[in-house]
Each structure stands twice: as structure tokens, then as C-alpha cells.
4 protein chains.
Amino acid sequence: MTGAIDAPCHETAIRVYYEDTDTGGIVYYANYLKYAERARSELLRDLGFENSAILAQKGVAIAVRRVTADYMKPARLDDLLTVATRVRAVHGATVEMEQVVRCDGADLVRMAVTLACINTVGRPVRLPPEVRGALIEFAGDAAGTGTDG
Amino acid sequence: MTGAIDAPCHETAIRVYYEDTDTGGIVYYANYLKYAERARSELLRDLGFENSAILAQKGVAIAVRRVTADYMKPARLDDLLTVATRVRAVHGATVEMEQVVRCDGADLVRMAVTLACINTVGRPVRLPPEVRGALIEFAGDAAGTGTDG
Amino acid sequence: MTGAIDAPCHETAIRVYYEDTDTGGIVYYANYLKYAERARSELLRDLGFENSAILAQKGVAIAVRRVTADYMKPARLDDLLTVATRVRAVHGATVEMEQVVRCDGADLVRMAVTLACINTVGRPVRLPPEVRGALIEFAGDAAGTGTDG
Amino acid sequence: MTGAIDAPCHETAIRVYYEDTDTGGIVYYANYLKYAERARSELLRDLGFENSAILAQKGVAIAVRRVTADYMKPARLDDLLTVATRVRAVHGATVEMEQVVRCDGADLVRMAVTLACINTVGRPVRLPPEVRGALIEFAGDAAGTGTDG
């Protein structure tokens, strides 16, 4: 179910501002999760979907069920980062992505993210079929289409 | 309409964490507005109200219409701050507060805040009467009870 | 000293993400100050300066001494905003800017910002001459060149 | 090296404010990492250390090298949360902690965190001996004292 190393990759550029840094002189560790969420939103947008419309029309939100982040090198003020996002697996109710924050060719933070769909009272529901289909199409051969999740 | 200098004062303690600071070694300027909002929420809570209940039961949110912040001295990591909040005027649809962030007896940031009530589509509405009444009672002689807003 | 209405205007595009919103369904009020700071950083960058280099090479940071924000209409998830920045006055140690956050042609938040230069221990110092010169040049006739500040 | 289930537990109370929530009506996922960092700072403080002093006196910061977060139930505006922190292992250069965010007795988010010490240019260095000793003492039998990192 793990995608090939050359799975299609979506890239989002992120500039580091004062708001992102802390007194240690580096980007505060929780903020990379913000960057990752921006990148996932941009991937969805490029596929034709917006979180706000999904929430308003379907009554569901795509939420993070699990994230693992490995911090290898710090980003600093004014750095121009790239978040590379790959869809690793699409199940019935969950999606697995791999996201890497890079700067000048070096990997700074590597994240594995499991997304799940929840309704307005927080209960897990299936992914909207058109979103699920678009993610499978984007992932290509890299994503399985399990029936679990 | 401006309250007396000795208007009743509500105090909230705030600890500065890494998340609040920036690479300049000081608390990022927007974060003092977070501190001020926490302090206003604690004032409401001490008066018997919670934002979540007001939003759920009345369908309204108390939003900021205007804020002025004067930054005099910076706060730093691990500082233990106090936010002193005074209600300066209570109108029909707006409330004026003065909030000062202090550390070790020194004023760091002084804020003047005008609050207004909005409904779920963002339109201005009157303050819930019980909230308005509690704020007037808290403010004592310091707050006028104008009918404008 | 107030600039003409047609002072040169710098524009920065900002997308609203989940991180920016709150449970009221709108952008949290302190986050507009983040947007404004990003826009000021982009103005500086377009003029050839970066905050990180100014901090590293000159030992000074450009900090906010005073901000006034008027909240007129809320922004929401996925909105594409523009921050329009004008330099209103350049003094010896301070700079006055006007910043407006817009969406679909409507003004959402109007800010007046006074910036000051501080050194690494927080003391006010004069603006680096090349930064000051570039801001005056950008502002054109709109900015005075007072010797106070 | 994994601590016993009844390893000593440090608890920090966290109130949810507007700033923490998003338009989905729940706490934004990255903000639980802020809560966890506040709790680790409070654990250190209770052991007699402050991040600011460690940074100023030793020139080192305790940074997150790896975090895994499992999101089980969402927190909402005005919730009063508890972050329970256990030290699972203390090595020469890294510390492993388990942190659980709870509300009304239910686990909302479970985190496994690996901390490492870095100097001001971001290079890994050994933990200050007194901090390491205090963490081992706090952890009691739960923490190994490996010499690796």
C-alpha cells in the first residue's frame, strides 16, 4: 500500500515570517504542522476542492487523525521553504500522505499524516466520493484503494 | 463616559512560552492581542458567562471592532505577565475596555478595545441583556449606559 | 505629514487557512496583525532588505510601537486577501504605515502602524540609513522626512 | 526502556480560548503541540529549570526531534484540558516523553515526543547534567539511563 518513491508530488512554497519563529532563532516546531496543512489545502484546491465548500456543502471536514513529524534541520526567518506532498494511500474513510518540508534542497522536517473525514459533531464519516476519486487519480499507481479505513 | 482611574480591575495571569516569542527574542506583537482576548474571556467567565455558551445559546459572538495597542516594553520567554482589564463604557451594542499587560510592575502594552456583538452571519446585534447587565455591574460607576453603540 | 491618498501602494496576497480561523467561523482578530507583518516584510524584501539580514548585520529589529486596527468585515476560510501597504511618514527613528486588508474589493480591516527600530536589548535606535532611504524613496512625495521620531 | 504504566505523572491545566479553535469548531491540530510544549516547560519549571535560563546560561535549547500525535477526540472552546506528561526514557542527548491531553476523563490526543538538546547553531549537544539528573530523578524507575542518544 506504500507508494512508489516516485509517486506524484505536489509542491507548495512557504515563506518564513517573524510569526513562525521563536526565541531560539528557529521556526517553532508546531508551525511545520501549519505549513503541512496549508500544503494539503493547496493540493485540494489544485484538484478542484476547497475546505470551506466541503464543510458548507457536505457538512464534513478533513481532519488529521495521526501525524508523525521528524525534525532534522531547523528553518529560520526569511527562509523560502517547499512543502512536498505525496498521497500514499486512499482508503474508504482515511487518506495517508507523506509531507516533506525542504529548504535549499535539504529535508528539514518529514511528516507522515493520516487524514480522516469527520462530520460536524466529530464523528468519522466516509470521504466525499469526488474528493476520494480525485486523490486516487492524483496518487496514480502510488495509492491503494483499500476498503478499510 | 470614560471611567474613573480607579475603575474595578480584573486580572489574569499569563505565562510566556516559546510559542509566544519570535527570533528577535521577544513576544511577537500580535500575541498580546491573544493575551487580551484570554483576559476578556476570563472576565466573562468570572461574571458567569462563557463564549461557547453565548455562541451556542444566543447565536452571537462578542467580536473586536477596534483595538489600539501601544507597545512600550517587550515581554520575554518565561515572563509571568498580568493582564489588567477595566470596562470603560457599556453601550447598547458595544463595550469599551482598557487592557494593560504588565510584568514586574511595569506596563508593557496598553490596549484600548471596542467590542461589538455580531450574529453568525457577521451582522451587528445588541449585546445579550444579561451579559450587558453584568458588565455594567462590574464596571460600577466607571461605565456609562449609553443607548448608542 | 500625512501622505496623499494616492501614495504608492505595495500589495501582498494572503490566503486564509484553517490555522487563521476560529470557532466563530471567521479569521481570529490577532491574525490580521500577522498578515500585516508579512506584508511589511514583503515590502522590505521588494526594496532589497530582509529582516533576518538587518537583525544579523545591524543588530536591530524593526518593531511595532503602535498599531490601531479597525475591523469592518470578517474574512473566512479560503478567502484570498490582499494587504495594501502605504508608507505615510518616515522620521529618524520611526515609520508610519497604513495597511488595509481587502477581499473582493471590500475593505475588511484598516490598520495604522508606527514602526520603530530597537537594538538587541530593546532600546530604540535610529533606522539603518539605507532602509530609511529606501522607504522614503518608495513613499515618494507621500512621506515627510522629519528629524524627530 | 519503556517506563512502567504507573510512571510519575506531571499535570498541567490548559484552558481552550478562541485563538486555539478553528472554523471546524474544534481546536486546530497543531495547537495541541503548543499545549504539550507548555506542559513540558511547566515540568521543567517544577524541577527548578526555565528554558530562558538554560538558553542564556548554557547556550542550549531543548528541541523536539520527533513527535507522534494521535487525535482521538476534539477539544472545543472553553474546555478545561489537562496535559499529563511522563518521562519514558533519559539518554545522554535525548529524552523520551509521553504526553496525553485529556478532558473530563477522556483522552483527546496522545503524543510521544523525543527531545534533544541543540546549541545556538542547531547542532546536537548533550543535555545539561543537572537537567538530565532532575529528569531521571523525576522519572524514577520509569526512565532508563542509556548512554546513547
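Values in this text are rule-based calculations from the coordinates and carry no lab data. What you see is a predicted model, and the numbers here were worked out from it, not measured in a lab. Glycine gets a Cβ as well: all are built from the backbone with ideal geometry, and neighbour counts include every protein chain shown.
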Out of A:Ile62, A:Pro124, A:Tyr32 - ranked by how far each Cα lies towards the positive end of the dipole of the range A:10-141, with unit charges on the beta-carbon of charged residues - the top one is A:Pro124
Which of rounded, prolate, oblate describes the range C:20-82, given a ≥ b ≥ c as roots of the alpha-carbon gyration tensor eigenvalues and a/c under 1.5 marking rounded, otherwise prolate only if a/b is larger than b/c? prolate
Within 10 Å of the Cβ of an average residue in A:48-58, the count of other chain Cβ atoms is 3
Using Cα centres only, tell me the gap between the range C:1-61 and the range C:69-101 in whole Å. 8
Residue-averaged [θ]222 nm for chain D, counting only DSSP H segments that reach four residues, each worth -39500 (n - 2.57): -6000 deg cm²/dmol
Please work out whether the range C:1-141 counts as rounded, prolate or oblate from its C-alpha gyration tensor, where a ≥ b ≥ c are the square roots of the eigenvalues and a/c under 1.5 means rounded, while otherwise a/b larger than b/c means prolate and anything else oblate? prolate
Residue by residue through the range C:51-59, which ³J(HN,Hα) values in whole Hz follow from phi under the Karplus form 6.51 cos²θ - 1.76 cosθ + 1.60 (θ = phi - 60°), with glycine and proline marked x? 3, 5, 6, 4, 5, 6, 8, 9, x
I want to check the label-to-label distance for D:Thr120 and B:Glu50. Put each point 7 Å from Cα in the C-beta direction and report it in nm to one decimal. 4.5
Output the 0 to 90 degree angle, nearest 10, between the alpha-carbon long axis of helix A:31-46 and the longest principal axis computed from the alpha carbons of chain A. 50
Relative to the other copies, what are the label-point distances for A:Ala56, with labels 7 Å from Cα along the C-beta vector, expressed in nm at one decimal and sorted shortest first? 2.6, 4.4, 5.0
Links that overshoot a 26 Å alpha carbon limit, given the list C:Lys58/D:Lys34; A:Lys58/D:Lys73; D:Lys34/D:Lys73; B:Lys58/D:Lys34: C:Lys58/D:Lys34; B:Lys58/D:Lys34
Name the most mobile residue of C:Arg40, C:Arg110, C:Arg66, meaning the one with the largest mean-square fluctuation, in a Gaussian network model of chain C with Cα contacts below 10 Å. C:Arg66
Taking the Cβ of each residue in B:Lys73, A:Lys34 as the centre, tally the other Cβ atoms inside 10 Å and list the residues starting with the fewest. B:Lys73, A:Lys34
How do the peptides B:43-49, A:102-108 rank, highest first, by the average count of neighbouring beta carbon atoms within 10 Å per residue? B:43-49, A:102-108
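Which whole number gives the average, over all residues in C:12-21, of C-beta atoms from other chains lying within 10 Å of the residue C-beta?
Per-residue shielding by partner chains comes out at 6.
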About the Cα centre, and with charges only on the beta carbon of Lys, Arg (+1) and Asp, Glu (-1), how big is the dipole of the protein assembly as shown? Nearest 20 debye, please. 0
Cα-based shape type of the protein assembly as shown, given that a ≥ b ≥ c are square roots of the gyration tensor eigenvalues and the cut on a/c is 1.5: rounded
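Given charges of +1 on the Cβ of Lys and Arg and -1 on the Cβ of Asp and Glu, with all other atoms neutral, how large is the dipole of the range B:10-141 about its Cα centre, in debye to the nearest 20?
Roughly 540 debye, rounded to the nearest 20.
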Output ordering of B:80-91, A:21-32 (per-residue mean of other Cβ within 10 Å, highest first) is A:21-32, B:80-91
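Other chains' Cβ within 10 Å of D:125-132 residues: what's the mean?
Working: counts 0, 0, 0, 0, 0, 0, 0, 0.
The shielding value for this peptide is 0.
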Taking a label point 7 Å from Cα toward Cβ, how far is A:Val121 from its twins in the other copies, in nm, shortest first? 2.6, 5.8, 6.1
Expressed as an acute angle from 0 to 90° and rounded to the nearest 10, what is the orientation of the C-alpha long axis of helix D:129-139 relative to the principal long axis of chain D? 50
